[in-house]
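Student: Let me give you the structure first, and then I'll get to my questions.
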Protein chains: 2
Amino acid sequence: MDTDVASVDLEMITHGPEARAKPETRLWLRMLSTTKLISTEIRKRLRAEFGATLPQFDLMAQLYRERGGLRLGELSKRTMVTNGNVTGLVERLEAEGLVVRETPTADRRVTVARLTEEGTRVFSAMAEAHETWLRELMADVGTDRIVSLWEEIGHVKRSTANHLSGIEGE
Amino acid sequence: MDTDVASVDLEMITHGPEARAKPETRLWLRMLSTTKLISTEIRKRLRAEFGATLPQFDLMAQLYRERGGLRLGELSKRTMVTNGNVTGLVERLEAEGLVVRETPTADRRVTVARLTEEGTRVFSAMAEAHETWLRELMADVGTDRIVSLWEEIGHVKRSTANHLSGIEGE
DNA sequence: AACCGGTATTTGAAATGTCAAAGGTCGCTG
DNA sequence: CAGCGACCTTTGACATTTCAAATACCGGTT
(Lines give C-alpha, C1' and ligand atoms only; values in the text may rest on other atoms or scores of the structure.)
Protein backbone atom coordinates (compact mmCIF):
# COMPACT_ATOMS: atom_id res chain seq x y z
CA MET A 1 0.00 0.00 0.00
CA ASP A 2 2.94 2.31 0.52
CA THR A 3 5.02 0.86 -2.21
CA ASP A 4 3.23 1.45 -5.48
CA VAL A 5 3.46 4.68 -7.36
CA ALA A 6 -0.18 5.68 -7.01
CA SER A 7 -0.16 5.69 -3.25
CA VAL A 8 2.97 7.80 -3.17
CA ASP A 9 1.20 10.41 -5.26
CA LEU A 10 -1.74 10.35 -2.95
CA GLU A 11 0.40 10.80 0.07
CA MET A 12 1.84 13.93 -1.37
CA ILE A 13 -1.35 15.82 -1.01
CA THR A 14 -2.02 14.70 2.46
CA HIS A 15 1.19 13.89 4.22
CA GLY A 16 3.11 16.51 6.09
CA PRO A 17 2.01 20.12 6.00
CA GLU A 18 2.26 20.42 2.27
CA ALA A 19 5.74 19.15 1.92
CA ARG A 20 5.47 16.42 -0.65
CA ALA A 21 2.62 17.66 -2.77
CA LYS A 22 3.02 18.84 -6.32
CA PRO A 23 3.80 22.56 -6.67
CA GLU A 24 0.33 23.41 -7.95
CA THR A 25 -1.31 21.75 -4.99
CA ARG A 26 1.05 23.38 -2.54
CA LEU A 27 0.38 26.79 -4.05
CA TRP A 28 -3.35 26.19 -3.96
CA LEU A 29 -3.35 25.13 -0.33
CA ARG A 30 -1.34 28.15 0.64
CA MET A 31 -3.51 30.54 -1.33
CA LEU A 32 -6.57 29.03 0.26
CA SER A 33 -5.32 29.22 3.83
CA THR A 34 -3.98 32.74 3.39
CA THR A 35 -7.23 33.94 1.90
CA LYS A 36 -9.16 32.30 4.70
CA LEU A 37 -6.93 33.92 7.29
CA ILE A 38 -7.37 37.40 5.89
CA SER A 39 -11.07 37.16 5.22
CA THR A 40 -11.75 35.81 8.69
CA GLU A 41 -10.00 38.83 10.13
CA ILE A 42 -11.74 41.31 7.85
CA ARG A 43 -15.07 39.70 8.57
CA LYS A 44 -14.58 39.99 12.32
CA ARG A 45 -13.64 43.64 12.08
CA LEU A 46 -16.50 44.48 9.74
CA ARG A 47 -18.87 42.82 12.12
CA ALA A 48 -17.41 44.47 15.22
CA GLU A 49 -17.16 47.99 13.83
CA PHE A 50 -20.02 48.17 11.36
CA GLY A 51 -22.33 45.26 12.10
CA ALA A 52 -21.94 44.23 8.48
CA THR A 53 -20.96 41.00 6.78
CA LEU A 54 -18.33 40.45 4.10
CA PRO A 55 -20.81 39.55 1.32
CA GLN A 56 -22.81 42.66 2.15
CA PHE A 57 -19.64 44.73 1.87
CA ASP A 58 -18.82 43.15 -1.49
CA LEU A 59 -22.27 43.77 -2.82
CA MET A 60 -22.32 47.36 -1.67
CA ALA A 61 -18.91 47.93 -3.24
CA GLN A 62 -20.35 47.05 -6.62
CA LEU A 63 -23.29 49.37 -6.13
CA TYR A 64 -21.02 52.15 -4.94
CA ARG A 65 -19.27 52.37 -8.25
CA GLU A 66 -22.50 52.24 -10.23
CA ARG A 67 -24.54 54.94 -8.70
CA GLY A 68 -27.43 54.31 -11.07
CA GLY A 69 -27.76 50.81 -9.69
CA LEU A 70 -27.26 47.35 -11.12
CA ARG A 71 -29.55 44.55 -12.17
CA LEU A 72 -29.43 41.60 -9.87
CA GLY A 73 -27.98 39.41 -12.59
CA GLU A 74 -25.12 41.87 -13.05
CA LEU A 75 -24.56 41.94 -9.32
CA SER A 76 -24.46 38.18 -9.33
CA LYS A 77 -21.75 38.11 -11.99
CA ARG A 78 -19.63 40.82 -10.40
CA THR A 79 -19.74 39.41 -6.91
CA MET A 80 -19.37 35.82 -8.12
CA VAL A 81 -22.40 34.86 -6.11
CA THR A 82 -25.38 32.93 -7.44
CA ASN A 83 -28.63 34.61 -8.41
CA GLY A 84 -30.65 33.10 -5.63
CA ASN A 85 -28.14 34.31 -3.12
CA VAL A 86 -28.22 37.87 -4.40
CA THR A 87 -31.96 37.95 -3.86
CA GLY A 88 -31.58 37.33 -0.15
CA LEU A 89 -28.62 39.64 0.27
CA VAL A 90 -30.39 42.57 -1.34
CA GLU A 91 -33.52 41.79 0.65
CA ARG A 92 -31.67 42.10 3.94
CA LEU A 93 -29.82 45.25 2.87
CA GLU A 94 -33.10 46.77 1.82
CA ALA A 95 -34.60 45.97 5.22
CA GLU A 96 -31.74 47.92 6.78
CA GLY A 97 -32.37 50.87 4.51
CA LEU A 98 -28.98 50.68 2.79
CA VAL A 99 -30.30 49.61 -0.60
CA VAL A 100 -33.47 50.03 -2.62
CA ARG A 101 -34.96 47.76 -5.25
CA GLU A 102 -36.81 49.04 -8.30
CA THR A 103 -38.36 47.51 -11.37
CA PRO A 104 -37.99 49.71 -14.45
CA THR A 105 -41.18 50.04 -16.46
CA ALA A 106 -39.23 49.36 -19.63
CA ASP A 107 -38.54 45.72 -18.72
CA ARG A 108 -40.51 44.31 -15.87
CA ARG A 109 -38.46 41.14 -15.65
CA VAL A 110 -35.63 43.16 -14.22
CA THR A 111 -34.90 44.29 -10.69
CA VAL A 112 -32.37 47.05 -10.17
CA ALA A 113 -30.64 47.53 -6.82
CA ARG A 114 -29.21 50.88 -5.83
CA LEU A 115 -27.51 52.30 -2.73
CA THR A 116 -29.55 54.72 -0.67
CA GLU A 117 -27.93 57.88 0.60
CA GLU A 118 -27.34 56.23 3.91
CA GLY A 119 -25.98 53.16 2.17
CA THR A 120 -23.49 55.37 0.37
CA ARG A 121 -22.42 57.03 3.59
CA VAL A 122 -22.05 53.75 5.44
CA PHE A 123 -20.12 52.13 2.65
CA SER A 124 -17.70 55.04 2.43
CA ALA A 125 -16.73 54.54 6.02
CA MET A 126 -16.40 50.79 5.60
CA ALA A 127 -14.26 51.13 2.50
CA GLU A 128 -11.85 53.45 4.20
CA ALA A 129 -11.46 51.11 7.16
CA HIS A 130 -11.10 48.17 4.80
CA GLU A 131 -8.10 49.71 3.08
CA THR A 132 -6.52 50.57 6.37
CA TRP A 133 -6.94 47.04 7.69
CA LEU A 134 -5.32 45.54 4.63
CA ARG A 135 -2.31 47.84 4.86
CA GLU A 136 -2.06 46.86 8.49
CA LEU A 137 -2.25 43.13 7.86
CA MET A 138 0.29 43.26 5.04
CA ALA A 139 2.55 45.74 6.80
CA ASP A 140 5.53 43.36 6.82
CA VAL A 141 5.45 42.89 3.06
CA GLY A 142 7.20 45.43 0.88
CA THR A 143 5.21 47.32 -1.71
CA ASP A 144 7.37 45.91 -4.49
CA ARG A 145 6.49 42.42 -3.46
CA ILE A 146 2.85 43.24 -3.24
CA VAL A 147 2.76 44.71 -6.70
CA SER A 148 4.69 41.81 -8.16
CA LEU A 149 2.45 39.31 -6.39
CA TRP A 150 -0.53 41.07 -7.86
CA GLU A 151 0.87 40.53 -11.33
CA GLU A 152 1.94 36.96 -10.77
CA ILE A 153 -1.42 35.96 -9.40
CA GLY A 154 -2.86 37.46 -12.54
CA HIS A 155 -1.13 34.68 -14.47
CA VAL A 156 -2.76 32.07 -12.29
CA LYS A 157 -6.12 33.70 -12.68
CA ARG A 158 -5.84 33.86 -16.45
CA SER A 159 -4.66 30.30 -16.70
CA THR A 160 -7.54 29.11 -14.59
CA ALA A 161 -10.02 31.13 -16.61
CA ASN A 162 -8.60 29.60 -19.79
CA HIS A 163 -9.24 26.10 -18.61
CA LEU A 164 -12.82 26.70 -17.61
CA SER A 165 -15.91 26.47 -19.74
CA GLY A 166 -16.71 30.18 -19.56
CA ILE A 167 -14.50 33.22 -19.89
CA GLU A 168 -13.74 35.40 -16.94
CA GLY A 169 -13.12 39.09 -17.33
CA GLU A 170 -11.73 40.85 -14.36
CA MET B 1 -16.86 65.38 -3.55
CA ASP B 2 -14.12 64.35 -5.89
CA THR B 3 -11.71 66.95 -4.73
CA ASP B 4 -10.77 66.17 -1.15
CA VAL B 5 -8.29 63.51 -0.23
CA ALA B 6 -10.66 61.22 1.65
CA SER B 7 -13.05 60.72 -1.21
CA VAL B 8 -10.21 59.98 -3.58
CA ASP B 9 -9.09 57.21 -1.28
CA LEU B 10 -12.56 55.81 -1.21
CA GLU B 11 -12.87 55.80 -4.92
CA MET B 12 -9.75 53.76 -5.19
CA ILE B 13 -11.35 50.73 -3.75
CA THR B 14 -14.44 50.91 -5.80
CA HIS B 15 -13.73 52.67 -9.06
CA GLY B 16 -12.63 50.78 -12.10
CA PRO B 17 -11.83 47.09 -11.78
CA GLU B 18 -9.14 47.61 -9.21
CA ALA B 19 -7.21 50.26 -10.99
CA ARG B 20 -6.86 53.07 -8.50
CA ALA B 21 -6.85 51.20 -5.23
CA LYS B 22 -3.86 50.93 -2.97
CA PRO B 23 -1.56 48.00 -3.78
CA GLU B 24 -2.65 46.02 -0.74
CA THR B 25 -6.28 46.31 -1.67
CA ARG B 26 -5.62 45.45 -5.28
CA LEU B 27 -3.68 42.37 -4.25
CA TRP B 28 -6.41 41.33 -1.86
CA LEU B 29 -9.16 41.70 -4.43
CA ARG B 30 -7.18 39.67 -6.91
CA MET B 31 -6.36 36.95 -4.41
CA LEU B 32 -9.97 36.77 -3.44
CA SER B 33 -11.36 36.54 -6.95
CA THR B 34 -8.73 34.04 -8.05
CA THR B 35 -9.38 31.84 -5.06
CA LYS B 36 -13.10 32.04 -5.67
CA LEU B 37 -12.62 31.13 -9.31
CA ILE B 38 -10.55 28.06 -8.53
CA SER B 39 -12.62 26.82 -5.64
CA THR B 40 -15.84 27.19 -7.60
CA GLU B 41 -14.35 25.01 -10.31
CA ILE B 42 -12.98 22.43 -7.89
CA ARG B 43 -16.29 22.37 -6.04
CA LYS B 44 -18.23 21.72 -9.22
CA ARG B 45 -15.96 18.89 -10.24
CA LEU B 46 -15.98 17.33 -6.79
CA ARG B 47 -19.74 17.45 -6.84
CA ALA B 48 -20.07 16.09 -10.36
CA GLU B 49 -17.58 13.26 -10.04
CA PHE B 50 -17.78 12.32 -6.40
CA GLY B 51 -20.95 13.84 -5.01
CA ALA B 52 -18.81 15.50 -2.35
CA THR B 53 -18.42 19.07 -1.16
CA LEU B 54 -15.22 21.06 -0.71
CA PRO B 55 -15.40 21.26 3.09
CA GLN B 56 -15.96 17.53 3.22
CA PHE B 57 -12.88 17.03 1.07
CA ASP B 58 -10.84 19.28 3.34
CA LEU B 59 -11.97 17.50 6.42
CA MET B 60 -11.28 14.07 4.98
CA ALA B 61 -7.82 15.22 3.89
CA GLN B 62 -6.95 15.91 7.51
CA LEU B 63 -8.24 12.54 8.62
CA TYR B 64 -6.40 10.80 5.81
CA ARG B 65 -3.03 11.83 7.16
CA GLU B 66 -3.94 10.90 10.70
CA ARG B 67 -5.12 7.38 10.38
CA GLY B 68 -5.75 7.10 14.09
CA GLY B 69 -8.28 9.88 13.86
CA LEU B 70 -8.46 13.41 15.23
CA ARG B 71 -10.42 15.12 17.93
CA LEU B 72 -13.04 17.48 16.62
CA GLY B 73 -11.23 20.45 18.13
CA GLU B 74 -8.07 19.51 16.26
CA LEU B 75 -10.06 19.13 13.08
CA SER B 76 -11.52 22.55 13.67
CA LYS B 77 -8.07 24.14 13.96
CA ARG B 78 -6.61 22.37 10.97
CA THR B 79 -9.47 23.08 8.64
CA MET B 80 -9.93 26.62 9.93
CA VAL B 81 -13.57 25.91 10.49
CA THR B 82 -15.47 26.60 13.70
CA ASN B 83 -16.26 23.88 16.22
CA GLY B 84 -19.97 23.97 15.64
CA ASN B 85 -19.43 23.55 11.96
CA VAL B 86 -17.22 20.51 12.37
CA THR B 87 -19.99 18.81 14.28
CA GLY B 88 -22.37 19.00 11.35
CA LEU B 89 -19.77 18.09 8.76
CA VAL B 90 -18.71 14.97 10.61
CA GLU B 91 -22.33 14.08 11.22
CA ARG B 92 -23.10 14.06 7.52
CA LEU B 93 -19.94 12.17 6.63
CA GLU B 94 -20.78 9.60 9.24
CA ALA B 95 -24.26 9.20 7.78
CA GLU B 96 -22.59 8.40 4.46
CA GLY B 97 -20.35 5.82 6.06
CA LEU B 98 -17.10 7.63 5.24
CA VAL B 99 -16.26 8.56 8.81
CA VAL B 100 -16.85 7.15 12.28
CA ARG B 101 -17.06 8.97 15.58
CA GLU B 102 -15.82 7.49 18.82
CA THR B 103 -15.48 8.66 22.39
CA PRO B 104 -12.38 7.33 24.13
CA THR B 105 -13.06 5.97 27.60
CA ALA B 106 -10.08 7.91 28.91
CA ASP B 107 -11.71 11.30 28.38
CA ARG B 108 -15.38 11.31 27.66
CA ARG B 109 -15.50 14.98 26.73
CA VAL B 110 -13.68 14.12 23.55
CA THR B 111 -14.99 12.90 20.23
CA VAL B 112 -12.52 11.40 17.77
CA ALA B 113 -13.34 11.20 14.08
CA ARG B 114 -11.66 8.64 11.86
CA LEU B 115 -11.96 7.64 8.20
CA THR B 116 -13.62 4.31 7.53
CA GLU B 117 -12.09 1.96 5.02
CA GLU B 118 -14.50 3.19 2.42
CA GLY B 119 -13.74 6.77 3.42
CA THR B 120 -10.07 6.10 2.81
CA ARG B 121 -10.77 4.57 -0.58
CA VAL B 122 -13.05 7.38 -1.65
CA PHE B 123 -10.65 10.07 -0.48
CA SER B 124 -7.74 8.49 -2.33
CA ALA B 125 -9.61 8.81 -5.58
CA MET B 126 -10.66 12.36 -4.81
CA ALA B 127 -7.14 13.44 -3.89
CA GLU B 128 -5.72 12.09 -7.10
CA ALA B 129 -8.32 13.90 -9.17
CA HIS B 130 -7.78 17.04 -7.13
CA GLU B 131 -4.09 17.20 -8.00
CA THR B 132 -4.82 16.57 -11.63
CA TRP B 133 -7.40 19.35 -11.75
CA LEU B 134 -5.01 21.85 -10.24
CA ARG B 135 -2.26 21.02 -12.70
CA GLU B 136 -4.82 21.42 -15.42
CA LEU B 137 -6.09 24.78 -14.22
CA MET B 138 -2.59 26.16 -13.73
CA ALA B 139 -1.22 24.62 -16.89
CA ASP B 140 -0.28 27.99 -18.42
CA VAL B 141 1.86 28.98 -15.44
CA GLY B 142 5.45 27.78 -15.35
CA THR B 143 6.59 25.67 -12.43
CA ASP B 144 9.16 28.30 -11.47
CA ARG B 145 6.48 30.89 -11.11
CA ILE B 146 4.32 28.57 -9.10
CA VAL B 147 7.09 27.79 -6.67
CA SER B 148 8.05 31.45 -6.30
CA LEU B 149 4.42 32.44 -5.82
CA TRP B 150 4.18 29.85 -3.10
CA GLU B 151 7.04 31.49 -1.28
CA GLU B 152 5.88 35.05 -1.81
CA ILE B 153 2.42 34.30 -0.56
CA GLY B 154 4.12 32.86 2.49
CA HIS B 155 5.29 36.38 3.31
CA VAL B 156 1.76 37.68 3.13
CA LYS B 157 0.51 34.88 5.29
CA ARG B 158 3.16 35.46 7.93
CA SER B 159 2.58 39.20 7.96
CA THR B 160 -1.12 38.69 8.37
CA ALA B 161 -0.60 36.19 11.15
CA ASN B 162 1.70 38.65 12.89
CA HIS B 163 -0.94 41.31 12.99
CA LEU B 164 -3.61 39.03 14.40
CA SER B 165 -4.27 38.13 17.97
CA GLY B 166 -3.49 34.42 17.58
CA ILE B 167 -0.62 32.58 15.95
CA GLU B 168 -1.11 30.55 12.84
CA GLY B 169 0.99 27.53 12.18
CA GLU B 170 0.84 26.15 8.72
C1' DA C 1 -18.41 13.67 48.04
C1' DA C 2 -19.92 18.37 46.48
C1' DC C 3 -17.90 22.26 44.14
C1' DC C 4 -15.31 24.93 40.53
C1' DG C 5 -12.63 26.52 36.84
C1' DG C 6 -11.19 24.86 32.55
C1' DT C 7 -11.81 22.10 28.40
C1' DA C 8 -14.59 19.82 24.50
C1' DT C 9 -18.51 19.39 21.98
C1' DT C 10 -23.26 20.30 20.70
C1' DT C 11 -27.13 23.24 19.81
C1' DG C 12 -29.79 27.13 17.94
C1' DA C 13 -30.37 31.37 15.41
C1' DA C 14 -29.18 33.88 11.55
C1' DA C 15 -26.63 34.55 7.26
C1' DT C 16 -24.47 32.78 3.18
C1' DG C 17 -23.94 29.47 -0.40
C1' DT C 18 -25.33 26.21 -4.38
C1' DC C 19 -28.50 24.11 -7.49
C1' DA C 20 -32.69 23.10 -9.75
C1' DA C 21 -37.30 24.19 -10.59
C1' DA C 22 -40.93 27.50 -10.93
C1' DG C 23 -42.78 32.11 -12.06
C1' DG C 24 -43.00 36.32 -14.82
C1' DT C 25 -41.98 38.96 -18.69
C1' DC C 26 -40.22 40.08 -23.33
C1' DG C 27 -39.86 39.72 -28.32
C1' DC C 28 -40.62 37.52 -32.17
C1' DT C 29 -43.19 34.70 -35.37
C1' DG C 30 -46.91 32.60 -37.43
C1' DC D 1 -52.94 38.08 -31.14
C1' DA D 2 -51.76 33.51 -29.41
C1' DG D 3 -47.80 30.91 -28.80
C1' DC D 4 -43.00 30.05 -27.89
C1' DG D 5 -38.30 30.31 -26.80
C1' DA D 6 -35.26 33.15 -24.20
C1' DC D 7 -34.21 35.91 -20.27
C1' DC D 8 -34.52 37.51 -15.24
C1' DT D 9 -35.66 36.72 -10.68
C1' DT D 10 -37.53 34.19 -6.96
C1' DT D 11 -38.35 30.06 -4.37
C1' DG D 12 -37.28 25.75 -1.94
C1' DA D 13 -34.27 22.14 -0.42
C1' DC D 14 -30.04 21.50 1.56
C1' DA D 15 -25.11 22.41 3.01
C1' DT D 16 -21.93 25.47 5.08
C1' DT D 17 -20.70 29.24 7.98
C1' DT D 18 -20.26 32.02 12.34
C1' DC D 19 -21.31 33.29 17.00
C1' DA D 20 -23.08 32.65 21.47
C1' DA D 21 -25.21 29.90 24.81
C1' DA D 22 -25.83 25.46 26.70
C1' DT D 23 -24.18 20.92 27.87
C1' DA D 24 -21.01 17.53 29.42
C1' DC D 25 -16.91 16.18 31.43
C1' DC D 26 -12.20 16.43 33.69
C1' DG D 27 -9.05 17.40 37.45
C1' DG D 28 -8.14 19.28 41.60
C1' DT D 29 -9.91 21.54 46.09
C1' DT D 30 -12.37 21.74 49.92
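The values are calculated or read from the model by the stated rules, or taken from the named source; none is laboratory data. Not measured: the values here are computed from a predicted model. Every residue, glycine as well, gets a Cβ built from its backbone with ideal geometry; the counts of neighbours run over all protein chains shown. Accessible surface is based on the protein model in full, side chains and every heavy atom, while ligands, DNA and RNA are left aside. Shrake-Rupley method; radii C 1.70, N 1.55, O 1.52, S 1.80 Å.
Student: Give me the summed buried accessible area for the A-B pair, 1.4 Å probe, to the nearest 100 Å².
Tutor: Buried area between the two chains comes out at roughly 7600 Å².
Student: So, taking all protein chains as they sit and a 1.4 Å probe, how much accessible area belongs to residue A:147, in Å² rounded to tens?
Tutor: The value for residue A:147 is about 50 Å².
Student: From the helices alone, meaning DSSP H stretches of at least four residues, give me the mean residue ellipticity at 222 nm for chain A, per-run term -39500 (n - 2.57), in deg cm²/dmol to the nearest 500.
Tutor: -21500 deg cm²/dmol
Student: Once the piece of chain linking residue A:106 and residue A:94 is laid out straight, how much longer is it, given 0.36 nm per residue of separation minus the C-alpha distance between them?
Tutor: Difference between extended and current length: 2.1 nm.
Student: Which distances in nm, rounded to one decimal and ordered from shortest, link the label point of residue A:66 to the equivalent label points in the other identical copies, with labels set 7 Å from Cα toward Cβ?
Tutor: Spacings between copies for this position, smallest first, are 4.5 nm.
Student: Once you order the gyration tensor axes a ≥ b ≥ c over the Cα atoms, which shape class does the stretch A:34-170 get: rounded for a/c under 1.5, otherwise prolate or oblate by comparing a/b with b/c?
Tutor: It comes out oblate by the Cα gyration axes.
Student: Rg/Rh for the stretch A:14-89 to two decimals, with Rh computed the Kirkwood way over all alpha-carbon pairs.
Tutor: A ratio of 1.14.
Student: Kirkwood hydrodynamic radius of the stretch B:26-66 from all distinct Cα pairs, in Å?
Tutor: 11.3 Å
Student: How large a share of the accessible area of the stretch A:52-139, in percent, is made up of carbon and sulfur atoms when the probe is 1.4 Å and the other protein chains stay in place?
Tutor: With neighbouring chains kept in place, the figure for the stretch A:52-139 is 47 percent.
Student: What residues have an amide H closer than 5 Å to that of residue A:141, excluding those fewer than 5 places away on the same chain, when H is modeled at 1.01 Å from N in the peptide plane?
Tutor: Amide H to amide H, under 5 Å and 5 or more residues apart or across chains, residue A:141 pairs with nothing.
Student: Moving to a separate point now. Are there DSSP H segments in chain A that both extend 27 Å or more along their axis (alpha-carbon positions) and score a mean Kyte-Doolittle hydropathy of at least -1.0? List them, or say none.
Tutor: A:23-50, A:117-137, A:143-162
Student: How far, in nm to one decimal, is residue A:51 from itself in the other copies if the label point is set 7 angstrom along Cα toward Cβ? Shortest first, please.
Tutor: Values, ascending and in nm: 4.5.
Student: Roughly how many nanometres apart are two label points built 7 Å out from the Cα toward the Cβ at residue A:53 and residue A:74?
Tutor: Taking the two extended label points, one gets 2.4 nm.
Student: As a check on your reading of the symmetry: which chain A residue has its Cβ nearest the axis that brings A onto B, and how far is it in Å?
Tutor: For chain A, the closest residue to the axis carrying it onto B is A:35, 2.
Student: What is the list of residues in the stretch B:49-68 whose amide nitrogen lies under 17 Å from a point 7 angstrom out from the Cα of residue A:39, following Cα to Cβ?
Tutor: B:53-59
Student: Per residue, what volume in Å³ does the Cα convex hull of the protein assembly as shown take up?
Tutor: Measuring per residue, one finds 162 Å³ for the Cα hull of the protein assembly as shown.
Student: Excluding residues on the same chain fewer than 8 positions from residue A:22, give the lysines whose Cα lies under 22 Å from its Cα.
Tutor: Filter leaves A:36, A:157, B:36, B:44, B:157.
Student: Just the number please: accessible area per residue for chain A, 1.4 Å probe, all protein chains included, in Å².
Tutor: On a per-residue basis, chain A sits at 51 Å².
Student: What is the dipole size for the protein assembly as shown, taken about its Cα centre, with +1 at each Lys and Arg Cβ and -1 at each Asp and Glu Cβ, in debye to the nearest 20?
Tutor: Dipole about the Cα centre, nearest 20: 580 debye.
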